[in-house]
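First up is the structure itself, then whatever we jot down about it.
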Protein chains: 2
Amino acid sequence: MNSPAPIAPPDRGAAPADPASVRVPHDGLLAFTAAVFADRGLPPGRAGAAARALCHGDLTGLRTHGLANLTRLYLPLLDEGRADPRAELRVLADRGAAVLLDAGRALGLWAAGAAMDLAAERAAAYGIGLAAVRGGTHLGCAGHHALRAVARGMVGLVASNCGRQRIARPPGGAVAMLGTNPLSVAAPAGENPPFVLDMSTTAAPTGRVRQAAREGRALPEGLLCDDRGAPVTDPAAFDAGRAHLMWLGGEAGRYKGYGLGLTVEVLAALVPGAGLGPHPDALAGDGGPHGRDDDIGYFVAAVDPGALREGAGADAEGLFGALLACPPADPAEPVRYPGWHEHHRAQECRRRGVPLAADLYDELLGVAARTGLTAPPVLEEGR
Amino acid sequence: MNSPAPIAPPDRGAAPADPASVRVPHDGLLAFTAAVFADRGLPPGRAGAAARALCHGDLTGLRTHGLANLTRLYLPLLDEGRADPRAELRVLADRGAAVLLDAGRALGLWAAGAAMDLAAERAAAYGIGLAAVRGGTHLGCAGHHALRAVARGMVGLVASNCGRQRIARPPGGAVAMLGTNPLSVAAPAGENPPFVLDMSTTAAPTGRVRQAAREGRALPEGLLCDDRGAPVTDPAAFDAGRAHLMWLGGEAGRYKGYGLGLTVEVLAALVPGAGLGPHPDALAGDGGPHGRDDDIGYFVAAVDPGALREGAGADAEGLFGALLACPPADPAEPVRYPGWHEHHRAQECRRRGVPLAADLYDELLGVAARTGLTAPPVLEEGR
């Protein structure tokens, strides 16, 4: 079995698949995941949407936001009642282009996509549409939801705070006040793969740190630092309280990363009135991560260039095509853009099966056994 | 005279004022700058707005985007006919919440603020408002225009591409394809200074590199690199073609900075149909900066939380107040947020006068002599 490494994005830090891995059929993996969610009470359509959102991580190589989170995050959320499988999105205010929604603890894997569908409908009418959401739970890969706008020829923007979960310290601060606050923007690119930026505003998301800790891999410098700002490469130091997440931009540019994290907090949580990281309650923190990621807020927006002018589709194809045609410094490494590698990797996974680390596949077998469902078969075993 | 350094933002990289500097009265500086623009044909109200936008840089410490650009950028734009002092903003499409405007080469220092006023009017009605602008010229500090939304209790977003000027290479590319593509977000913070993020998506804007070159100062690592990616600290290497701007995020995170730069290109230029950096024409570039910053596009948006819910103002005050109350790692360096330092510095400048480097003041005396206007008097001489 080939490793997916050759088409992994060179700068996203996605680790190559574990050498001990299997491939499972994409359709079977989706059907199994949807059945697991349906077993927890999600209506069928919603379970399917949540499964597609979760498997998007494994399909595109963002393994930290894929099925690894099924038993670590989503099933516990449902089993503890922190997520409500049947909650409807409730409209609290509707100003035409902008709608304020209460997600009522619905599973974010589904709710964020439903919010994007609403934002895109409004964008088709008004040129821009916004669904501002409170009461949300973890939405998975923000880029998956942003891509729903691209299917309609629109630009999609999705940002999420982390509710009251505080993980990252403001520069110079001794107490964690903010989440990793992800931000995604997706845009059509004509016949080229869509542009998809999907990033934490911290230097890395916590999932990447914890995955490295599970796999016993050191992290590169620039992601974690100690109390005095010195670089830390041992991922286990994070959950041991001996290291903190750095902001995007490194030491010199951290005010920009911090500012982007605050931008997400403002747009995704202040605007809809969701749980805020920076809050007087946060001051009781002891320096490390604290608080729970309940009452998450989302900023879900769509911009429809076609509602404003002709020719945007051709211009988009020209823009991203010009980037792909940029002469590379090293002929062996052609120029790409965010989303290109993920698109090609997803195509390969649909064709050849989705690679899953052996221990992750074992987790799915455990879920299957406990729910009485059948796990997807192994197509191919890795080295 | 005290240096403004103690209240300069620690991470913005704003250099302390030149030791040989003067302070001039804020009102006098604004009136002089407005008179210079009026002399070039701007209607009086527009000349005043452009003067406030330009002086915002010197007032807040973003000296690279202040009066230093009067003789380097704005007067040449007007004198060469690349900017039209009297062009009106023409509505090409109006979808209620979103409006497409052609700025017709109006001076961006004025036009971007006028676009924000329109976006904010639409946000008051629809919850969100967008003015998508093509045909623009350089808008100065994006944060100044984003702040116009804050005056109405709204969140302001301003992004601008650099038209067809290509300065930064895509990661792995041998040809410059994108501009420094600034992005600004401003939000109310109650009784606290407003939040204002105002950043280039490259590690530094070109103005910072060129200012360091003029002043003979080395740059910190992380802003420029050579053809092989090795760090360069000599700012003169940039215009000599021996160094390139790096993306925000450094070597490890550059795909995020590049993705943010592309986000600005999509929102600010693809949506309105302005000049694009990545375009087949760009492939003729020789590796260094090329192309002109004509037909710049802006994404100017406002979100009105008050149109969606009650209590957003109090929540904003709580959010930013909690950050200011965060226990600092070093008691001598309290926790702040982007916009805090700039607000306090501007207050001091309004009270004590605006510090200008001696050579910049000499440039203004030269402009005064050539236009028959009187430059603002010196209040105080520096060391």
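What follows draws every value from the coordinates through simple rules; no lab data is involved. None of these values were measured; they are calculated from a predicted model. Cβ atoms come from the backbone with ideal geometry, glycine included; neighbour counts cover every protein chain shown.
Please give me, ordered by residue number, the GluC sites (Glu not before Pro) of the range B:190-297 that lie in loop per DSSP and have at most 13 other Cβ atoms within 10 Å.
Of the GluC sites (Glu not before Pro), the ones in loops of the range B:190-297 whose Cβ has at most 13 other Cβ atoms within 10 Å are B:Glu191.
Which value, in debye to the nearest 20, gives the size of the charge dipole of the protein assembly as shown about its Cα centre, when Lys and Arg are +1 and Asp and Glu are -1 at the Cβ?
480 debye
Just counting partner chain Cβ atoms within 10 Å, what average do the residues of peptide A:213-223 show around their Cβ?
1
Enter the mean number of other protein chain beta carbons within 10 Å of the beta carbon of each residue in A:198-205, as an integer.
2
Please state the charge dipole magnitude for chain A, taken about the Cα centre, from unit charges on C-beta atoms (+1 on K and R, -1 on D and E), reported in debye and rounded to the nearest 20.
Dipole of chain A, to the nearest 20 debye: 340 debye.
At R0 = 51 Å, how high is the FRET efficiency between A:Val378 and B:Arg82 if r is their beta carbon distance? Nearest 0.05 is fine.
0.20
Given R₀ = 30 Å, FRET efficiency for A:Asp227-B:Glu215 by Cβ-Cβ distance, to 0.05?
Efficiency computed from Cβ-Cβ geometry: 0.30.
Closest beta-carbon to the A-to-B rotation axis: which chain A residue owns it, and what is the separation in whole Å?
Looking at chain A's Cβ atoms against the axis toward B, the nearest is A:Ala97, 2.
Given a Förster distance of 25 angstrom, what is the FRET efficiency for B:Arg242 paired with B:Ala358, based on the Cβ-Cβ distance and rounded to 0.05?
Efficiency, from the Cβ-Cβ distance: 0.25.
Using Cα pairs under 8 angstrom and six or more residues apart, how large is the relative contact order of chain A, in percent?
25 percent
Using the Cα atoms of the range B:31-72 to build a convex hull, what is its mean projected area in square nanometres?
With every direction weighted equally, the projected area is 2.6 nm².
Run the helix sum for chain B: -39,500 (n - 2.57) per DSSP H stretch of 4+ residues, divided by residue count, reported at 222 nm to the nearest 500 deg cm²/dmol.
Using -39500 (n - 2.57) per qualifying helix, the result is -11000 deg cm²/dmol.
Name the residue farthest towards the positive end of the dipole of chain B from the options B:Ala115, B:Leu364, B:Leu323, assuming +1 on Cβ of Lys and Arg, -1 on Cβ of Asp and Glu, about the Cα centre.
Result: B:Ala115.
Springs between alpha-carbon pairs under 10 angstrom, Gaussian network model over chain A: which of A:Thr202, A:Thr263, A:Thr371 fluctuates most?
Checking each option, the largest mean-square fluctuation is seen for A:Thr371.
Within the range B:51-93, name every residue whose backbone N is under 13 Å away from a label modeled 7 Å from Cα of B:Asp27 along the Cβ vector.
Within reach of a label on B:Asp27, which here means backbone N under 13 Å from a point 7 Å along Cα→Cβ, the range B:51-93 contributes nothing.
Charges on Cβ only, +1 for Lys and Arg, -1 for Asp and Glu, centred on the Cα centroid of the protein assembly as shown; of B:Ala230, B:Tyr298, A:Val24, which one is farthest towards the dipole's positive end?
Comparing the listed Cα positions along the dipole, B:Tyr298 ranks first.
Please state, as a whole number in µm²/s, the translational diffusion coefficient that the Stokes-Einstein equation yields for the protein assembly as shown at 25 °C and 0.890 mPa s, with Rh defined as the Kirkwood radius across alpha carbon pairs.
Estimated via Stokes-Einstein, D reaches 94 µm²/s.
Can you give the average number of partner chain beta-carbon atoms within 10 Å of each beta-carbon in peptide A:268-281, as a whole number?
5
Which one of B:Val354, B:Val185, B:Val271 has the biggest mean-square fluctuation once chain B is modelled by GNM with Cα springs under 10 Å?
Answer for the Gaussian network model of chain B: B:Val271.
Apply the Karplus parameterisation 6.51 cos²θ - 1.76 cosθ + 1.60, with θ equal to phi minus 60°, to every residue of the range A:134-147 and state each ³J(HN,Hα) to the nearest whole Hz, in sequence, with x for glycine and proline.
Computed from phi, the couplings for the range A:134-147 are 10, x, x, 10, 3, 9, x, 6, 4, x, 4, 6, 4, 5 Hz.
Please compute the contact order of the range B:247-373 in relative form: average sequence separation of alpha-carbon pairs under 8 Å and at least six residues apart, divided by the residue count, as a percent.
So the answer I get is 12 percent.
From the label point of B:Pro76, set 7 Å from Cα along Cα→Cβ, how far away are the matching label points in the other copies, in nm, ordered shortest to longest?
Inter-copy label distances (nm, one decimal, shortest first): 5.9.
Counting other Cβ atoms within 10 Å of each Cβ, which GluC sites (Glu not before Pro) in the range A:309-383 have at most 12 and sit in a DSSP loop?
Those satisfying the criteria are A:Glu310.
I'd like to know which of B:Ala34, A:His343, A:Pro272 lies farthest towards the positive end of the charge dipole of the protein assembly as shown, counting +1 on Cβ of Lys and Arg and -1 on Cβ of Asp and Glu.
In the protein assembly as shown, that residue is A:Pro272.
Per residue, what volume in Å³ does the Cα convex hull of the range A:112-270 take up?
Per-residue hull volume (Cα only) is 129 Å³.
What is the Cα centroid distance between the range B:194-229 and the range B:256-302, reported in whole angstrom?
19 Å
If I build a Gaussian network model for chain B, linking alpha-carbon pairs within less than 10 angstrom, which residue out of B:Arg208, B:Arg72, B:Arg63 has the largest mean-square fluctuation?
Of B:Arg208, B:Arg72, B:Arg63, the most mobile in the Gaussian network model is B:Arg72.
Rounding to the nearest 20 debye, state how big the charge dipole of the range B:238-383 is about its Cα centre with +1 on each Lys and Arg Cβ and -1 on each Asp and Glu Cβ.
200 debye
Within the range A:92-112, name every residue whose backbone N is under 11 Å away from a label modeled 7 Å from Cα of B:Ala125 along the Cβ vector.
none
Could you calculate the contour length gain from A:Ala20 to A:Asp234, that is, 0.36 nm times the residue separation minus the distance between their Cα atoms, to one decimal place in nm?
Full-extension gain reported as 74.8 nm.
What does the copy distance list look like for B:Glu381, label position 7 Å along Cα→Cβ, in nm and ordered from shortest?
Shortest to longest, the spacings are 8.6 nm.
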